[in-house]
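Below is one structure, written out as structure tokens; comments come after it.
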Amino acid sequence: MRLDILKAMNAARRERRAAVVVTRLADGEQRFVEDDAVGADALADALETALRSGKSGSVTAGGADYFLTVQTPSRRLILIGAVHISQALAPMAHLAGLDVTIIDPRTAFATPERFPETPVVAQWPDEALGPAPLDRYTAICLLTHDPKIDDPALMIALKSECFYIGALGSKKTHAKRLERMRANGVSEAALSRIHAPIGLDIGAVSPAEIAVSILGEIVAAMRKKPLRSESKAA
């Protein structure tokens, strides 16, 4: 690999930017394509698919064979609320390959004893999210049912490029949430990004079942795969 490409890959890794090294197998010619430049590349569709899957591999296009070396940041999951659903969701998300962090200013809930294998930050969301801004490889779930905690995190999320925003609560609760966001000047386009009520509609009742439904929705958003019901409707 060329030294300039190696340096570019290392810089992208440090800054949590995705990229692909495209190698033409016939002669070894290489180019470095960052995710924001994929659309202008001759292999745009193949590169987009590779970035979505996060996997390297071979492709054929225009009669030539290429190898795509894919580098994507680790997917992060931020859980706002050290609640029962978070206790079930955190280990499931770890198994799915997500880096999980729990944020909750309520020190009675945000304890290592309740989350022995997950980083817990006992701060308000606007304080905790400052050092680690949300990016397009981050999902966030608002789980406290407390607007004083959830709303500041939601405002930050809606201004970011995170790939998934989910909010716990009934349709009535969500309607009130939308009213508060509109009062703060949030656009309808931004509000449409919120998955609420959170999770896939599988009839989940218990915290563990709700956690399963949330993780399923996150994975679908991460891979951008439409649900079967959506595919049929289309």
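The values are calculated or read from the model by the stated rules, or taken from the named source; none is laboratory data. Just so it is clear, the structure is predicted and the values come from calculations on it, not from any experiment. Every residue, glycine as well, gets a Cβ built from its backbone with ideal geometry; the counts of neighbours run over all protein chains shown. Accessible surface is based on the protein model in full, side chains and every heavy atom, while ligands, DNA and RNA are left aside. Shrake-Rupley method; radii C 1.70, N 1.55, O 1.52, S 1.80 Å.
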For the range 6-44, what are the residues that are in a helix (DSSP H, G or I) and either basic (Lys, Arg) or surrounded by 13 or more Cβ atoms within 10 Å (Cβ to Cβ) (or both)? Lys7, Ala8, Met9, Ala12, Arg13, Arg14, Asp35, Ala37, Val38, Ala44
Selection count where residues are part of a helix (DSSP H, G or I), of a type in the set (Gly, Ala, Ser) and either open to solvent by 30 Å² or more (accessible area, probe 1.4 Å) or at pLDDT below 95 (or both), scope the range 171-194: 3
Condition check for Asp65: in contact with a Ser or Thr (Cβ under 7 Å, 6 or more places away or on another chain), of a type in the set (D, E, K, R) and farther than 30 Å from Leu129 by Cβ: yes
What single numbered condition from (1) open to solvent by 90 Å² or more (accessible area, probe 1.4 Å); (2) closer than 24 Å to Thr138 by Cβ fails to hold for Leu3? (2)
Give just the number: which of (1) at pLDDT 95 or above; (2) under 24 Å from Asp99 (Cβ atoms) does Thr49 not satisfy? (1)
